[in-house]
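Student: Before I ask anything, let me first share the structure, which is written out below as structure tokens.
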Amino acid sequence: MGPIGVFDSGYGGLTVLKEIINELPGYDYIYLGDNARAPYGNRGFDTIHAYTLECVQKLFDMGCPLVIVACNTASAKALRTIQQKDLPRIAPDNRVLGVIRPTSEMVGTLTQTGEVGILATNGTVSSESYPLEIHKFFPHVKTYQLACPMWVPLIENNEHESEGADYFVKEYLDKILSVASDIDTLVLGCTHYPLLMKKIRQFLPGGINVVSQGKIVAHSLKDYLKRHPEMETRLSKQQQQQFYTTDDPAIFDKMAEIFFGKMVSSKKMLTK
Ligand code: DGL
């Protein structure tokens, strides 16, 4: 029996972990943020795959039978290869789930106009994962994507509530609306972006539904565990939460509170 592992390149996955714990409070969790190598957003496929695989392996080594990749960039660039090629070799009975599929399954039910915008990192946008997944479930839905490369650095540097952030929030929103004026649903396809929610709402015209992923992923995990009792029975349930970072734990703890809404006490995890 072991905890559920939750992985992100940095702090963003904490916005997902928070909702997962709300929905499924009985389980044990280990969070791993690869802060030393974040952001992943502008990195290439091989690098993101290597980093993600290493972190997933660390969570397996700590006893997690199930890992949630709570990072869109890693889900877009590395998840399929890990599920199809690496997992059968390194841990055939373990499972790794991502965040793009559960979000895509959901968005088509929210739009009335049939037009959906997706804001994400360069890596997620260039992978085309969102348009491909959304069209599988909702062939009639039209998707528009935009990379927002300045948003993660703003958030990781705790500048997301500053006046300076206004410029880049407005810039990307204006850009996507200038090409897609009929969108009524806007997916925050990066687990960092919920931290910008206040400003996004401030600069976005009313009537557009802004979708963040935490609750969607949490519901989807609950449903997965109902459908997979063979995995559910392998999960330990002592309500323990552990936090690891590949960078300095003191820095992690300070920032993590902003994303997680509670103080945490992390430990260092060494990577190659
Ligand atoms: N939080 C990650 C995501 O959901 C991106 C952050 C990064 O660029 O590393 O895509």
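The values are calculated or read from the model by the stated rules, or taken from the named source; none is laboratory data. These numbers were taken from a predicted model, which means no experiment stands behind them. Heads up, the Cβs are rebuilt from the backbone with ideal geometry, glycines too, and the neighbour counts pull from every protein chain shown.
Student: For the structure I just gave you, tell me whether Ala91 is within 16 Å of the ligand (Cβ to nearest atom) and either closer than 25 Å to Ile251 by Cα or at pLDDT 95 or above (or both).
Tutor: No; evaluated as a whole, the condition is false for this residue.
Okay, residues lined up against (1) out of contact with any Leu (no Cβ under 7 Å at 6 or more places or on another chain); (2) under 26 Å from Phe7 (Cβ atoms):
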position: Ser162; (1), (2): yes, no
position: Asp166; (1), (2): yes, no
position: Val169; (1), (2): no, no
position: Leu173; (1), (2): no, no
position: Ile176; (1), (2): no, no
position: Asp182; (1), (2): yes, no
position: Leu188; (1), (2): no, yes
position: His192; (1), (2): yes, yes
position: Leu204; (1), (2): no, no
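Student: Something else: Would it be correct to say that Gln145 is surrounded by fewer than 17 Cβ atoms within 10 Å (Cβ to Cβ) and of a type in the set (S, T, N, Q)?
Tutor: The answer is no for Gln145.
Student: If we keep just the residues of the range 163-190 that are in contact with an Asp or Glu (Cβ under 6 Å, 6 or more places away or on another chain) and of a type outside the set (Gly, Ala, Ser), which is modelled with the highest pLDDT?
Tutor: Here the residue is Ile183.
Student: Counting just the residues of the range 87-114 that are assigned to a helix (DSSP H, G or I) and charged (D, E, K, R), which one comes out farthest from Ser129 (Cα to Cα)?
Tutor: Arg89
Student: Report those strands (runs of 3 or more DSSP E) wholly inside the range 115-228 carrying at least 1 residues which are in contact with a Lys or Arg (Cβ under 9 Å, 6 or more places away or on another chain) and within 15 Å of the ligand (Cβ to nearest atom). Break it down into steps so the answer makes sense when it comes.
Tutor: On the way: elements: 115-120, 142-147, 185-188, 209-211.
Of the strands (runs of 3 or more DSSP E) lying wholly inside the range 115-228, those with at least 1 residues that are in contact with a Lys or Arg (Cβ under 9 Å, 6 or more places away or on another chain) and within 15 Å of the ligand (Cβ to nearest atom) span 142-147.
Student: Give me the residue from the range 61-93 that is among the charged types (D, E, K, R) and touching a residue at least 24 places away in the same chain (Cβ under 8 Å) and, out of that set, surrounded by the most Cβ atoms within 10 Å (Cβ to Cβ).
Tutor: The residue in question is Lys77.
Student: Now for a different question. Which condition from (1) away from the ligand (no atom under 11 Å from the Cβ); (2) within 30 Å of Ala180 (Cα to Cα); (3) charged (D, E, K, R) is the one that Lys85 breaks?
Tutor: Of everything listed in (1) away from the ligand (no atom under 11 Å from the Cβ); (2) within 30 Å of Ala180 (Cα to Cα); (3) charged (D, E, K, R), Lys85 misses just condition (2).
Student: So, one more: Tyr29 fails exactly one of the following numbered conditions: (1) near the ligand (Cβ under 9 Å from one of its atoms); (2) hydroxyl-bearing (Ser, Thr, Tyr); (3) more than 11 Å from the chain's Cα centre (by Cα). What is the number of that condition?
Tutor: Answer for Tyr29: the failing condition is (1).
Student: So for the range 36-52 (the condition being in a helix (DSSP H, G or I), closer than 14 Å to Val96 by Cα and within 16 Å of the ligand (Cβ to nearest atom)), does at least one residue qualify?
Tutor: yes
Student: Count, please, the residues in the range 70-81 that happen to be near the ligand (Cβ under 9 Å from one of its atoms) and either outside any helix (DSSP H, G or I) or closer than 13 Å to Arg95 by Cα (or both).
Tutor: 2
Student: Something else about it: Only residues that are out of contact with any helix residue (DSSP H, G or I) (no Cβ under 9 Å at 6 or more places or on another chain) and either surrounded by 16 or more Cβ atoms within 10 Å (Cβ to Cβ) or under 30 Å from Thr185 (Cα atoms) (or both): list them for the range 224-241, please.
Tutor: If the condition is that a residue be out of contact with any helix residue (DSSP H, G or I) (no Cβ under 9 Å at 6 or more places or on another chain) and either surrounded by 16 or more Cβ atoms within 10 Å (Cβ to Cβ) or under 30 Å from Thr185 (Cα atoms) (or both), then Arg227, Arg234, Ser236 are the ones that fit.
Student: If we scan the range 246-259, do we find a residue that is surrounded by 12 or more Cβ atoms within 10 Å (Cβ to Cβ), closer than 28 Å to Arg95 by Cα, out of contact with any Gly (no Cβ under 9 Å at 6 or more places or on another chain) and touching a residue at least 40 places away in the same chain (Cβ under 8 Å)?
Tutor: no
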